[in-house]
Structure formats: structure tokens, C-alpha cells
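Below is one structure; the comments refer to it alone.
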Amino acid sequence: MAPSNGKFVIDAVTGDVVEEVPNGGVLVHACNCIGNWGAGVALHLKKHFPEAYKLQYEYCQERTHEELMGSCLVILPQDEDSKAIGKEVYIACLFTSHGYGRKNSKTKNPGLSKKADVLTATKTALEDLRKQLDQLHSKGESDRVLEITSVKFNAGSFKVPWEETQLQIEEAFKDYGGTWIVVSPK
């Protein structure tokens, strides 16, 4: 388990999520199971973390939506991405929707998952993230509590009220002993 230095806290700041994530921190975002980072925060991350995006895309192509839904992929800092932004950042991809927007059989996009399905997938993906972060600590990858940073994921394109996602974060990380920073744009 991650070392505990007290109570788990969710804090809010205003800024750019890439600038706000600290060196050695984890940047969390919700993803579709297609592997497409084509809009919103995902597109912003794709521009700053192209190597991480490629790994995530390949990962999605090798698995079914059913295998991905409700899971988390933690991507270790990639050298080229780290050099470009001047810090090492872990990227945590929470697979919380099968697709995005409207169903489109030509592009093999099953469309946005229902709100209840997004919430169910978020719960298990957060539990998976927590398990993987605990494993990083036990393997000696990190000797400190990894700082976690995100936007109000699921609240945009996936149409889930942030408060519902926040409750799931609080439950999955209640004894983590670190801080989760939620970044809102300026």
C-alpha cells in the first residue's frame, strides 16, 4: 500500500492540467475504449504526451472494449514526452466509456456509454488505478505518495455530474494519504 501521511484530500486549483501536474505525479483522465484522444482534455494530453498516446492507442487496439471497460492503464513516464515538457509524468487512462458521441458504424464507434455504465466503469477503473499505484510503491518505483492531478473527468463529454465522480474518487482513495488536485481551466 502507498505510504499514508494523513488524510486523503481533494483540492481544487485553476490552470492548465499539464502545467499543474508535478514532476513524478500522476495525471488521470477518462478515456473511451477506442483509444481516440480526439477532443477536449484528451486532445490536449495527446499534444503534450504523444508517446504515451501511442502506447495507449496500441493497448486499445490489442483488446476488446469489454476487456478495457472499467479498467485503468497507467503509462510510465516516456522519455520523449518528459524531455518535451520538462518533467516526468505518469498518465492514468480510466476506460469509462465504450466510445464517444453518437454511434457511427463506419468508424466503428459504438457511441457514448450510458451514464450508469460510465459510473460503474469509473468505480472499477479507480479501484484498478489505486491497486496499480500501490504496486508502484511496493515495487520501489516511487518512494513517496504519488501526487494525483486531473480535470473534472466524466463531467464533459461523458455527461456525468462531477460530484458523482468525486464521490467515487473519495471512496477508492480514502486511505491513500495524499492529495488529488482537480484543475479547472482559467
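The values are calculated or read from the model by the stated rules, or taken from the named source; none is laboratory data. The shown structure was predicted, so the numbers you read here are calculated from the model rather than taken from an experiment. Glycine gets a Cβ as well: all are built from the backbone with ideal geometry, and neighbour counts include every protein chain shown.
Limited to region 74-107, what total is found for residues that are without any contact (Cβ under 8 Å) to a residue 12 or more places away in the chain and touching a Leu at 6+ places or on another chain (Cβ under 6 Å)?
0
Any chance you could count how many residues in region 66-98 are on the phi > 0 side of the Ramachandran plot and surrounded by fewer than 20 Cβ atoms within 10 Å (Cβ to Cβ)?
Going through region 66-98 one residue at a time, the tally reaches 1.
I want to confirm something. Restricting to region 118-141 and keeping residues that are surrounded by fewer than 16 Cβ atoms within 10 Å (Cβ to Cβ) and at pLDDT below 90, which single residue is nearest to Ala172 (Cα to Cα)?
Asp134
Can you tell me which residues in region 162-186 are in contact (Cβ under 8 Å) with a residue 12 or more places away in the chain, closer than 17 Å to Glu127 by Cβ and of a type in the set (A, V, I, L, M)?
Ile169, Ala172
Is it fair to say Ala155 is under 20 Å from Leu43 (Cβ atoms), among the small types (Gly, Ala, Ser) and free of Cβ contacts under 8 Å to residues at least 60 places away in the same chain? Break it down stepwise before answering.
Details: under 20 Å from Leu43 (Cβ atoms): yes; among the small types (Gly, Ala, Ser): yes; free of Cβ contacts under 8 Å to residues at least 60 places away in the same chain: yes.
Judged against the criteria, Ala155 is a match.
Just checking, does region 46-65 include any residue being crowded, with 16+ Cβ neighbours inside 10 Å, under 21 Å from Asp117 (Cα atoms) and in contact (Cβ under 8 Å) with a residue 60 or more places away in the chain?
No, that holds for no residue.
Quick check: is even one residue across region 102-110 more than 13 Å from the chain's Cα centre (by Cα), of a type in the set (D, E, K, R) and either in a helix (DSSP H, G or I) or within 27 Å of Gln168 (Cα to Cα) (or both)?
Of the residues in region 102-110, the ones more than 13 Å from the chain's Cα centre (by Cα) are 102-110.
Of the ones still in play, those that are also of a type in the set (D, E, K, R) are 102-103, 106, 108.
Still in the list and also either in a helix (DSSP H, G or I) or within 27 Å of Gln168 (Cα to Cα) (or both): 102.
Looking for residues that are more than 13 Å from the chain's Cα centre (by Cα), of a type in the set (D, E, K, R) and either in a helix (DSSP H, G or I) or within 27 Å of Gln168 (Cα to Cα) (or both), one finds at least one in region 102-110, hence yes.
Listed residues Gln56, Gln78, Gln61; which is farther than 13 Å from Thr96 by Cα and at pLDDT below 95?
Going through Gln56, Gln78, Gln61 in turn, just one is farther than 13 Å from Thr96 by Cα and at pLDDT below 95: Gln61.
Of all the residues that make up region 1-20, how many are surrounded by 16 or more Cβ atoms within 10 Å (Cβ to Cβ) and modelled with pLDDT of 95 or more?
Counting residues in region 1-20 that are surrounded by 16 or more Cβ atoms within 10 Å (Cβ to Cβ) and modelled with pLDDT of 95 or more gives 3.
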